[in-house]
Structures are given as C-alpha cells and as structure tokens.
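J.: There's a structure below that I have some questions on.
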Amino acid sequence: MVGQLGRMGGVRLRSVSIVLGCFLLVGMGAVASPVWGWPQDQPTEAPADTTAGVEPGSSEAEPTTTDGATSDNPTDSESTAPAAPEVDGAANTWMLVCSALVLFMTAPGLAMFYGGLVRRKNVLSVMMQCIYLMGMMSVLWALIGFSLAFGGSNPYIGTLEFAFLNNVSTYWEEGTGVVTPMFDDAIPRLTFMLFQGMFFIITPALICGAFAERMKFSAMVVFSAAWGLLVYCPLCHWVWGEGILYYGGDSAIMGGALDFAGGTVVHISSGVTALLCAIVIGQRAGYGSSAMPPHNLTYTALGTAMLWVGWFGFNAGSGLAPNGLASSAFAVTHLSAAAGALAWAKIEWIKRGKPTVLGACSGAVAGLVCITPAAGFVSPMPAILMGAAAGIVCYLACTTLKAKFRYDDSLDAFGVHGVGGILGAVLTGVFATRAVNDLNNGGAVGMIDGNAAIMGGQIIAVIVTIVYALVVSLVLLKIIDAVIGLRVEKDAEAQGLDLSQHGEDGYLFL
C-alpha cells in the first residue's frame, strides 16, 4: 500500500511538473515575442464623441479627459484630450451576468448532471474534475489561451497580443489616468475575455463524461490543459477570431460557417474527442456484463435544470448585447430544449411503455446542444423542429449506435454533444434566416431564405473540426499514456476513484 501511494505521488508530481514547465515556456515565449509589449505600448481605440446629443453650452457638455474627469481648463480646447469610449453599463452588466451563468453550467450544473450518472464510488471524482478545471482552465485562459484564440489577424492561430492579459485589463497611463481597453463601443475587452473564458472551462469538462470512472486524475489534468491550448484555442480562432472558418472572412474556406455560440468550437470538438478517449482508454471493468446504473438521478435532474438555465447565458449572451437578438436567442434556446425533452421521453414511452427522468433530461440537453450554433440565426418554430430532431437522433446514437459498436462512452458525451453538435451545425445552414439576423445586408442567409450555398461552409466546418480534434487528441493521448499512463490500476478502479484518486468518500453519514 505504501509503495502504491509513493508511485501515485510520483505520478502526480511529474504531471504537475509538466504543467508548470508549460507555464514557464509560455512566459518565456511571450517575453521574447516581437508582438509583446506593455499596455502603454499598445495602440488604443479611436476616441468616441461623448458629447453627442448634448446641447452646446449646457452643463453636461463640459470637456473631459480620456478617463472621464473634468478638465482643469475647460476654455483651452487644445489642452483637452478627446474622450475615450465609455463602458455601456447595461451591456456590460448583461455580459457579466451571462458569464456567471455559463460558469454556473460547469459547477454546479455539469458537476451534478455527471455526478448523478456515475456509480456511488465515483461521484466525487467527476465533481472534482469540474471544480479543478474551473480553476486550471481559468488561469490558462488568462495567461495565454485568450490571446491564442483572439489575438492578431493570422487566420490560423492567434498571436501573443493579449498574453498575460496585456491590453485586456485596465492600466495606468501618465497624463490620462486609468485606461480601459474596449472590445467594442460598449463592453471592455476584460468582460469579453471573461465570457469567452467560461466556454474554455466547460468544453474539456464535457469530455470527462466519456472516460468517467477509469482515467487517472493526473492524466486528465495534463490532457485537458494541452487540449485546451492545442485544440480549443485554434478552433475558437478559426470560427470566431476571423480565421479559416469565420463566416464571411477573407481567409474562410467556402465562405465560412455560421456558429453563433459553439456548435463546432464547443460541442463537436468535445464530442468527437470524448469518443476517441473512450476508445483509446477502453471499456470500464465489467462493462456489458455488470449493471452500472446511475447512482442518483436526483442529482442528474437538478443538474439538467441548472444547465438549462445556464444555457441562456451561453446562447443569448453570445450576441454580446441586451437587444432583440438576445431575446430571439433566449427564446429558441428554451423551445429547442423543451422539444428535445419531449421527443426523447416520447420515444421511451412508445418503445418501453414508460418515459424516464433520465430520458427527459438527456433530451433537454440534446436540444440545447443542437440549437447552440443556430441560436442567433433561426426563428422559434424551426427551433422546435431542431430540438425534436436532436431528441430523436441523439436517442438513437446513445442506444442503437453505442450498442452496435460497443464503445464505452460512460455518460454519452459523444452521443449527445458530438452527434447533437453535428446535427445542429447542419440544420443551422438550413434554417438560418435574415429575418432574425441580417448578415448579408438583405441577402439570403440560409437555405430557408434561398441560399443553398451556405451548406458547403457548414459541412466543411464540421469535417475540419472533427479531423483536427481527432488527430491532435490522438497524439496527446498517446504521449500522455507513454509518459504517465491514462488509466488507473484495476484495484483502484474497483475501489472507486473517490478513494483511490482523492482519498475521500462522497457519502459519509456520521
């Protein structure tokens, strides 16, 4: 036993050393990079006219400095600096609330959803994965991830323009005072960084559902960190950072793809990676011969409700403003989830004679996944069709497809997120309409408007995402397996990961 603990400690120490080494290399690279500069060296946005709409001579028209302070010499126009863009309080508040809602999806939402689906002896292990990823991925995003995803104009990968939150957080400028770098004319870049960072957290957490109950915690840590930087960040840059999949971008393949809130970036990438992890790591001991029912569907039902609510921030917040588009995204998100829950439960009712709580919960999540890329482009009635289709297709993927190929995707991460994300990306091209989002200045947007050509970009984005995520993930898994191993020992798996990996028990009633 002592020897086992010693070996486990060594493994953890080596994995931590690897991660710390990556941080050090990132820091050295950032300092050495020619694009690196301190905040005051970065160009600032063009100043906005904050006196627009104010009558000349009124007290509201006092000259201001770039930090909003009143000039000491209001009669000297040459000594008065033009005003910097001001933060829109309503828009900024909306985006901060949406950021909190997306974080709420990881924990408690996903933590409870996944926690209820595993066996009793592994409940803490999946919750720990969610909590730990909230911490680790947040730090990685601030250090380098945000910059790789949104820095510069290279169509393939971001630069180090925003590394260590350079020109993202507020800074002091002599003669000006506090400077707030703006993302647009309404919200600070820091707010945008926070919102996008919550997506960076939950995406690798989704993958954990595929290898639940059998992957080493240390291997999960190293894989998630590397996957986030090498898979998520490039995909995010391609789709949202004006890269090779950005809709209407100069470098876009076949015109790019519509992805409002992460059909490709979040769900397809995590879903196909989850399937690969399940295959590479192998089935759980006793899979197919021993019963492995969810130990607490109460947790799963509550987690589903939390995910449903949090998804409003995920989708409606992706418009980055509290406006009519946010209302539309909110509405279609809700209706798609509702239709998905009904469709999955109805299939069970027909085939088994009883609808289940697990089925309704799974259908709701499938509907939410499917509508994610389309939330800012489709109308409510097509959203109901999309949700119902997701409930049916994902049900078949989690039952018929999974049984046929006998892969052990423990919590159906691929069946719901991978399959639902692919379906949603394709149907986005079908139902996107200028009546919701006039992307083409009156021109047709999706097939429903008469633009069949958009389907080429949607399908290419799906293929590129699948191939890239699978190739990079396979390389990472093989390297990690060779260095520290992916899977826990048989005795540790039989004991349960709560005790073997964390030394704790989820249920101690004293």
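The values are calculated or read from the model by the stated rules, or taken from the named source; none is laboratory data. Note that the structure is a prediction, hence the values are computed from the model and not measured. Please note: Cβ atoms are built from the backbone with ideal geometry, for glycine as well, and neighbour counts cover all protein chains shown.
J.: Sort through Val471, Val483, Val475, Val464 and tell me the only one that's buried (at least 18 other Cβ atoms within 10 Å of the Cβ) and either under 29 Å from the mean Cα position of the chain (by Cα) or more than 19 Å from Met128 (Cβ to Cβ) (or both).
T.: On the way: Val471 fails: buried (at least 18 other Cβ atoms within 10 Å of the Cβ); Val483 fails: buried (at least 18 other Cβ atoms within 10 Å of the Cβ); Val475 fails: buried (at least 18 other Cβ atoms within 10 Å of the Cβ).
Exactly one of Val471, Val483, Val475, Val464 is buried (at least 18 other Cβ atoms within 10 Å of the Cβ) and either under 29 Å from the mean Cα position of the chain (by Cα) or more than 19 Å from Met128 (Cβ to Cβ) (or both), namely Val464.
J.: Something else: Does region 289-345 hold any residues that are out of contact with any helix residue (DSSP H, G or I) (no Cβ under 6 Å at 6 or more places or on another chain), more than 27 Å from Asn122 (Cβ to Cβ) and outside any helix (DSSP H, G or I), and which are they?
T.: Across region 289-345, the qualifying residues are Leu320, Asn323.
J.: Which residue pairs have Cβ atoms closer than 6 Å, lie 6 or more positions apart in sequence or on different chains, and pair a first residue in region 299-313 that is closer than 12 Å to Ala107 by Cα with a second residue that is hydrophobic (A, V, I, L, M, F, W, C) and surrounded by fewer than 23 Cβ atoms within 10 Å (Cβ to Cβ)?
T.: Hits for this filter: Gly310/Leu101; Gly310/Phe104.
J.: Scan (1) touching a Gly at 6+ places or on another chain (Cβ under 6 Å); (2) under 23 Å from Tyr246 (Cβ atoms) for the single condition Asp498 breaks and write down its number.
T.: (2)
Residue-by-condition table, conditions (1) under 22 Å from Leu439 (Cα atoms); (2) over 18 Å from the mean Cα position of the chain (by Cα); (3) of a type outside the set (Lys, Arg):
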position	(1), (2), (3)
Ser379	yes, yes, yes
Leu385	no, yes, yes
Ala388	no, yes, yes
Tyr395	no, yes, yes
Cys398	no, yes, yes
Lys404	no, yes, no
Asp409	no, yes, yes
Val419	no, no, yes
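J.: Return only the number of the condition from (1) touching a His at 6+ places or on another chain (Cβ under 8 Å); (2) over 27 Å from Gly249 (Cα atoms) that Lys121 does not satisfy.
T.: (1)
J.: What residue, among those in region 153-176 that are at pLDDT 95 or above and of a type in the set (Gly, Ala, Ser), is surrounded by the fewest Cβ atoms within 10 Å (Cβ to Cβ)?
T.: In this case the residue turns out to be Ser169.
Residue-by-condition table, conditions (1) outside any helix (DSSP H, G or I); (2) touching a residue at least 24 places away in the same chain (Cβ under 8 Å):
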residue	(1), (2)
Lys351	no, no
Val365	no, yes
Cys370	no, yes
Gly376	yes, yes
Ala383	no, yes
Ala389	no, yes
Val393	no, yes
Cys398	no, yes
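J.: Just give me the residues in region 212-250 being over 19 Å from Ala274 (Cβ atoms), part of a loop (DSSP other than H, G, I, E, B) and aliphatic (A, V, I, L, M), in sequence order.
T.: Matches in region 212-250: Ile244, Leu245.
J.: So, of the residues in region 304-323 that are small (Gly, Ala, Ser) and buried (at least 21 other Cβ atoms within 10 Å of the Cβ), which turns out to be farthest from Phe377 (Cα to Cα)?
T.: Start the filter on region 304-323 by keeping residues that are small (Gly, Ala, Ser), which leaves 305, 310, 313, 316-319, 321.
Narrowing further to those that are buried (at least 21 other Cβ atoms within 10 Å of the Cβ): 310, 313, 316-319.
Details: Gly310: 20, Gly313: 16, Ala316: 11, Gly317: 14, Ser318: 12, Gly319: 11 Å.
Checking each candidate, the answer is Gly310.
J.: Output the residues belonging to region 488-507 that are surrounded by 14 or more Cβ atoms within 10 Å (Cβ to Cβ) and in a helix (DSSP H, G or I).
T.: Ala492, Glu493, Gln495, Leu497, Asp498, Leu499, Ser500, Gln501, His502, listed by residue number.
J.: Please verify whether Ala278 is part of a helix (DSSP H, G or I) and buried (at least 24 other Cβ atoms within 10 Å of the Cβ), treating the condition exactly as stated.
T.: Details: part of a helix (DSSP H, G or I): yes; buried (at least 24 other Cβ atoms within 10 Å of the Cβ): yes.
Here the answer is yes, as Ala278 does meet what is asked.
J.: Name the residues in region 390-420 that are of a type outside the set (A, V, I, L, M) and either buried (at least 23 other Cβ atoms within 10 Å of the Cβ) or touching a His at 6+ places or on another chain (Cβ under 6 Å) (or both), would you? Steps first, answer last, please.
T.: Applying the first criterion (of a type outside the set (A, V, I, L, M)) to region 390-420 yields 391, 394-395, 398-400, 402, 404-410, 412, 414-415, 417-418, 420.
Hits for region 390-420 are Gly391, Cys394, Tyr395, Asp409, Ser410, Asp412, Phe414, Gly415, His417, Gly418, Gly420.
J.: When you check Ile459 against the structure, is it surrounded by fewer than 17 Cβ atoms within 10 Å (Cβ to Cβ), farther than 26 Å from Asn323 by Cβ, under 22 Å from the mean Cα position of the chain (by Cα) and not basic (Lys, Arg), yes or no?
T.: So Ile459 passes the test.
J.: Can I ask one more? Give the number of residues within region 372-423 that are under 18 Å from Ala261 (Cα atoms) and among the polar types (S, T, N, Q).
T.: Within region 372-423, residues that are under 18 Å from Ala261 (Cα atoms) and among the polar types (S, T, N, Q) number 2.
J.: Does Ala100 meet the test of being surrounded by fewer than 18 Cβ atoms within 10 Å (Cβ to Cβ) and touching a residue at least 60 places away in the same chain (Cβ under 8 Å)?
T.: Judged against the criteria, Ala100 is a match.
J.: Moving on to the next point. Return yes when Tyr246 is within 27 Å of Met193 (Cα to Cα) and hydroxyl-bearing (Ser, Thr, Tyr) and no when it is not.
T.: Here the answer is yes, as Tyr246 does meet what is asked.
J.: Return the pair list, or none, for Cβ contacts closer than 6 Å from residues in region 324-349 that are surrounded by fewer than 19 Cβ atoms within 10 Å (Cβ to Cβ) to residues that are in a helix (DSSP H, G or I) and at pLDDT 95 or above, at least 6 apart or on different chains.
T.: Once the first residue is surrounded by fewer than 19 Cβ atoms within 10 Å (Cβ to Cβ) and sits in region 324-349, its partners that are in a helix (DSSP H, G or I) and at pLDDT 95 or above give Phe330/Phe312; Phe330/Ala316; Ala331/Pro380; Ile347/Tyr395.
J.: Look through Leu117, Leu148 and report the one residue that is at pLDDT 95 or above, surrounded by 24 or more Cβ atoms within 10 Å (Cβ to Cβ) and under 15 Å from Cys236 (Cα atoms).
T.: Leu148
J.: Something else now. Tell me, which residue of region 235-254 that is touching a Leu at 6+ places or on another chain (Cβ under 9 Å) and of a type in the set (Phe, Trp, Tyr) is surrounded by the most Cβ atoms within 10 Å (Cβ to Cβ)?
T.: Trp238
J.: Looking at (1) under 28 Å from Val87 (Cβ atoms); (2) aromatic (Phe, Trp, Tyr); (3) in a helix (DSSP H, G or I), find the lone condition where Phe260 falls short.
T.: (3)
J.: Filter region 255-267 down to the residues that are buried (at least 24 other Cβ atoms within 10 Å of the Cβ) and over 13 Å from the mean Cα position of the chain (by Cα) and list them by number.
T.: Listed by number, the residues that qualify are Gly256, Ala257, Leu258.
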